[in-house]
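Chemist: The structure follows.
The values are calculated or read from the model by the stated rules, or taken from the named source; none is laboratory data. Keep in mind that what you see is a predicted model, and the values were worked out from it rather than measured. Note: ideal-geometry Cβ built from the backbone for every residue, glycine included; neighbour counts use all protein chains shown.
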Amino acid sequence: MKSLQTRAIVYGLVILLGVLSALPNLLPKSISEALPSWYTANQLALGLDLRGGSHLLLNVDTTDLGLEALSGAERSAALDDVIERSLEMVRRRLDETGLTDPSVTRQGEDGILVQLPGVDDPSRIRTLLGTTAKMTFHWAFNDQSVGPVLQLPGPENESLYRLEKRVALQGEHIRDAQMAFNPDTGEPVVNFKLDNDGARQFGDMTRNNIGRALAVVLDGEVITAPVIRSVIAGGSGEISGGFTTTEASDLALLLRAGALPAPLHVVEERTVGPELGSDSIAMGVSAGLLGTLLVFGFMLLVYRRWGLIASAALALNIALIFGVLSLFRATLTLPGIAGIILSIGMAVDANILINERIREEVVLGGRAWKALDAGFGRAWATILDSNVTTLIAISLLFLFGSGPVRGFAVTMAVGLLTSLFTAIAVVRVLMEWRVRRLGRRALVIPGLARMNRAGQTPLNIMKACFAGITLSAVLSLVSIGLFVSPGLTYGVDFTGGSVVEVRAPTLSVEQLRNQLTDPALAGAAIQEFGEAGVFQVRLPSETANNVASGSLVQHLKADVLAADPGASFPRVDMVGPKVSGDFAEATILAVLMAGGGMLMYLWFRFESHFALAATLTLALDLAKTVGFFALTGIEFNLTAVAALLALIGYSVNDKVVVFDRIRENLRLDPDRSLWALFNDSITSTLSRTVLTSVTTVLAIVPMAMAGGAAVQSFAWPMLFGIVVGTSSSVFVAAPILYWLSKRRLQRGLVQLKPTREALQAELDALP
């Protein structure tokens, strides 16, 4: 598409499609209802951390199913069957409760993720889903009984029943169950109906065993054991056991839905209240708008009218991000909002690269059209390499992350891809249109004057290489020491256990501590959390095994409400030891794979010594960032891992720009002094390095300042990492590469592989 007009029309249509895809999210309900459903259905869904609700991660316990004895393929097929049947049973139970829009999905090999919008106390749901509901009927053991004895406890272990181990009737014959009230006593009971086969068996059983006790057993516990007084025909019966109305209703629900094929254990539970969710939305919108305005203002300040083009492209990029996410009906989470804000800061990187390249071509005497074409051509390889390295880190975050963190990875990836389109396609069309309007006038792209002058006169930055590497190494060693002692403040994602946010305006820390009467809560750590009257209560780590019941969290709530009836619990996180252990392993693996992925890509695109220099510098950057977590005491949790992997991408992105210029200069003048070549390369990319860092910082600062505790594990480490990554690109990565290049030179090795064009020229020159 050589024609400017043709490209403008095509790109305009793409942008229009993106804007139209995003529009349903902004339309009032009255207008939305009047539009076709196929159009309005494509909207962003809010995650539970934004609209409030709970999620439960259930582990399917296949221990007693004997799957280990099967071969690999048979075991996999049997496990899939158990998981699918468990999914269906969970859905049926949730449907019976009348909940609105519950989500049930498989997670991992043996996990089931249940999301419950609007549910801020999932204790009842936890009990319903954690009950296998395997019901059997057993005759009481007497003198006429044959076979082994089965001893089972009664309700609340008040008594022990001696029963025949042989099952008299399976609960699977129950086709309906309803809560009712006994007409004589008024107590809640469960009336059940059996299918035809079950009715026949039940009639025969009761006819032949008048005067004998028949025990109703649910999940290894005797509910009731009434004595049969007469024949029970018709397949109907009554289960009584001193139930409350809720207990009878839940039992009826479980019997209607059916038994689970395998026990389910709650290994993770997270709850966000609706008030906290609305606060998160308000924070995200305000932080995003302020960050965007700061980036717009900075680009206009630096590049004047050309900055207006970059700002327009950024605005279109934001619209396209929401359009693409809406088109796929993605779920927007708080980390996802953080990803969009970060992508806003990073999106202008390509525009800055292009502007700086064009300005360099103009300084060298290139005419407007030639400078424009050369600037885009030279910037393309750098833009591609820098974005691919970031995408490698983001893809690993999606692969090994879970829940909201995956939302961060998705929004970041979409933001990077849309920014490539707006920077390479849209910005070029706008710039060509602007150059056409210039006519014969010179193309002038302003920048920071001082940096412009520095770019024209190479600075002797390599002189500071020894000091830069030494300082970086010392800070990294100190960071390792801080990692050992005092160490990181790990969140429940790593340690397991429970964390409850308590809002009790009338209580102090000491009053709250004195209010906890349960001995198991004696080791709870309580600290003020933000504003007065808001506390974070971390329950002892050994309580991680109580996630399935949530008993300690319920005891905590009861104690707090006894002292302050108006208290609320906006956030509850309970993570079991299995989940935390798996998460720790996944984090380490993700970081190692991200580093390995960067190494391989840079080795492929550049050379081995370029890849090694970037990897060594990245290790130093990560060490210092971990030290920052240890020094500040910022909680190292799920969000912190997202920050680390995002920093890996950003840090390598920054270094790729410098390395790309070094590679370019090596091809232009391979016999030039390495010292002078490196100084020239660093100086010429200095303005881009600084400007990109500033725009990214401007985008994140509002989130760090006003985002609250929910995103502080992401925003502040990101700001620190940007400063560290930017400085290391100049004062650490380049000197390491210089040293490795000198070693290659001493060994008689070439710095770069010959290009395809160079090889072809050599072949053509052969006689």
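Chemist: Restricting attention to the stretch 266-284, which residues are surrounded by fewer than 18 Cβ atoms within 10 Å (Cβ to Cβ), over 19 Å from the mean Cα position of the chain (by Cα) and farther than 19 Å from residue 503 by Cα?
Modeler: If the condition is that a residue be surrounded by fewer than 18 Cβ atoms within 10 Å (Cβ to Cβ), over 19 Å from the mean Cα position of the chain (by Cα) and farther than 19 Å from residue 503 by Cα, then 282 is the only one that fits.
Chemist: Continuing with the same structure: Does residue 177 qualify as being modelled with pLDDT of 90 or more and crowded, with 18+ Cβ neighbours inside 10 Å? Spell out the reasoning first.
Modeler: Details: modelled with pLDDT of 90 or more: yes; crowded, with 18+ Cβ neighbours inside 10 Å: yes.
In short, yes.
Chemist: For the stretch 336-365, enumerate the residues that are over 18 Å from residue 412 (Cα atoms) and either in contact with a strand residue (DSSP E or B) (Cβ under 6 Å, 6 or more places away or on another chain) or of a type in the set (S, T, N, Q) (or both). Even if it seems obvious, please write down each step before you answer.
Modeler: Start the filter on the stretch 336-365 by keeping residues that are over 18 Å from residue 412 (Cα atoms), which leaves 352-365.
If the condition is that a residue be over 18 Å from residue 412 (Cα atoms) and either in contact with a strand residue (DSSP E or B) (Cβ under 6 Å, 6 or more places away or on another chain) or of a type in the set (S, T, N, Q) (or both), then 355 is the only one that fits.
Chemist: Would a scan of the stretch 389-401 turn up a residue that is at pLDDT below 85, farther than 30 Å from residue 112 by Cβ and hydroxyl-bearing (Ser, Thr, Tyr)?
Modeler: Yes, there is a match, as at least one residue in the stretch 389-401 is at pLDDT below 85, farther than 30 Å from residue 112 by Cβ and hydroxyl-bearing (Ser, Thr, Tyr).
Chemist: Can I ask one more? For the stretch 465-482, check the following and say yes or no: at least one residue is under 30 Å from residue 358 (Cα atoms) and assigned to a helix (DSSP H, G or I). Before you say what the answer is, go through the steps one by one.
Modeler: Going through the stretch 465-482, the residues under 30 Å from residue 358 (Cα atoms) turn out to be 465.
Keeping just the survivors that are assigned to a helix (DSSP H, G or I) gives 465.
Checked the stretch 465-482: at least one residue is under 30 Å from residue 358 (Cα atoms) and assigned to a helix (DSSP H, G or I).
Chemist: Test of understanding: among 374, 287, 310, 347, which residue is in a helix (DSSP H, G or I) and either surrounded by fewer than 24 Cβ atoms within 10 Å (Cβ to Cβ) or on the phi > 0 side of the Ramachandran plot (or both)? Walk me through how you get there before you give the answer.
Modeler: Details: 287 fails: either surrounded by fewer than 24 Cβ atoms within 10 Å (Cβ to Cβ) or on the phi > 0 side of the Ramachandran plot (or both); 310 fails: either surrounded by fewer than 24 Cβ atoms within 10 Å (Cβ to Cβ) or on the phi > 0 side of the Ramachandran plot (or both); 347 fails: either surrounded by fewer than 24 Cβ atoms within 10 Å (Cβ to Cβ) or on the phi > 0 side of the Ramachandran plot (or both).
After applying the criteria, what remains is 374.
Chemist: Just to check your reading of the model, which residue among 33, 68, 88 is part of a helix (DSSP H, G or I), of a type in the set (Asp, Glu) and either surrounded by 12 or more Cβ atoms within 10 Å (Cβ to Cβ) or in contact with a Leu (Cβ under 8 Å, 6 or more places away or on another chain) (or both)?
Modeler: Values: 33 fails: either surrounded by 12 or more Cβ atoms within 10 Å (Cβ to Cβ) or in contact with a Leu (Cβ under 8 Å, 6 or more places away or on another chain) (or both); 68 fails: either surrounded by 12 or more Cβ atoms within 10 Å (Cβ to Cβ) or in contact with a Leu (Cβ under 8 Å, 6 or more places away or on another chain) (or both).
The unique qualifying residue is 88.
Chemist: Would you check which residues across the stretch 654-679 are surrounded by fewer than 20 Cβ atoms within 10 Å (Cβ to Cβ) and closer than 18 Å to residue 364 by Cα and list them?
Modeler: Answer for the stretch 654-679, where residues must be surrounded by fewer than 20 Cβ atoms within 10 Å (Cβ to Cβ) and closer than 18 Å to residue 364 by Cα: 664, 665, 668, 669.
Chemist: While we're here: Quick one: in the stretch 143-183, which of the residues that are under 43 Å from the mean Cα position of the chain (by Cα) and of a type in the set (Gly, Ala, Ser) is nearest to residue 260 (Cα to Cα)?
Modeler: Selected residue: 171.
Chemist: Still on this model: Could you grab the pairs with beta carbons closer than 7 Å, sequence gap of 6+ or different chains, first residue in the stretch 722-745 and charged (D, E, K, R), second one surrounded by fewer than 24 Cβ atoms within 10 Å (Cβ to Cβ) and in a helix (DSSP H, G or I)?
Modeler: From the stretch 722-745, the pairs are 742/674; 744/609.
Chemist: Further question: When you scan the stretch 490-587 for helices (runs of 4 or more DSSP H) that lie fully inside it, which ones turn up with 1 or more residues that are under 20 Å from residue 120 (Cα atoms) and modelled with pLDDT of 75 or more?
Modeler: Values: elements: 492-495, 509-515, 551-563.
Here the list reads 492-495, 551-563.
Chemist: Consider residue 185 carefully, then state whether it is under 30 Å from residue 97 (Cβ atoms) and in the same structural domain as residue 150 (by TED's automatic domain parsing).
Modeler: Numbers: under 30 Å from residue 97 (Cβ atoms): yes; in the same structural domain as residue 150 (by TED's automatic domain parsing): yes.
In short, yes.
Chemist: Just give me the residues in the stretch 568-604 being closer than 25 Å to residue 50 by Cα and aromatic (Phe, Trp, Tyr), in sequence order.
Modeler: Scanning the stretch 568-604 gives 569, 583.
Chemist: Regarding residue 232, is this residue over 30 Å from residue 322 (Cα atoms), touching a Ser or Thr at 6+ places or on another chain (Cβ under 8 Å) and not in a helix (DSSP H, G or I)?
Modeler: Values: over 30 Å from residue 322 (Cα atoms): yes; touching a Ser or Thr at 6+ places or on another chain (Cβ under 8 Å): yes; not in a helix (DSSP H, G or I): yes.
Criteria met by residue 232.
Chemist: Kindly indicate the residue of the stretch 694-720 that is under 13 Å from residue 338 (Cβ atoms), of a type in the set (A, V, I, L, M) and at pLDDT below 80 and also surrounded by the fewest Cβ atoms within 10 Å (Cβ to Cβ) among those meeting that condition.
Modeler: Checked the stretch 694-720; the qualifying residue surrounded by the fewest Cβ atoms within 10 Å (Cβ to Cβ) is 706.
Chemist: When you check residue 594 against the structure, is it part of a helix (DSSP H, G or I), surrounded by 23 or more Cβ atoms within 10 Å (Cβ to Cβ) and touching a Pro at 6+ places or on another chain (Cβ under 9 Å), yes or no?
Modeler: Working: part of a helix (DSSP H, G or I): yes; surrounded by 23 or more Cβ atoms within 10 Å (Cβ to Cβ): yes; touching a Pro at 6+ places or on another chain (Cβ under 9 Å): no.
So residue 594 does not fit the description; no.
Chemist: Within the bounds of the stretch 110-119, is there any residue that is touching a strand residue (DSSP E or B) at 6+ places or on another chain (Cβ under 8 Å), over 18 Å from residue 404 (Cα atoms) and surrounded by 16 or more Cβ atoms within 10 Å (Cβ to Cβ)?
Modeler: Applying the first criterion (touching a strand residue (DSSP E or B) at 6+ places or on another chain (Cβ under 8 Å)) to the stretch 110-119 yields 110-119.
Okay, now just the ones that are also over 18 Å from residue 404 (Cα atoms), so 110.
Subsequent filtering for residues that are surrounded by 16 or more Cβ atoms within 10 Å (Cβ to Cβ) retains 110.
Yes - at least one qualifying residue is present in the stretch 110-119.
Chemist: For residues that are on the phi < 0 side of the Ramachandran plot and not in a helix (DSSP H, G or I), scanning just the stretch 313-344, find the one that is surrounded by the most Cβ atoms within 10 Å (Cβ to Cβ).
Modeler: Per the criteria, the residue is 332.
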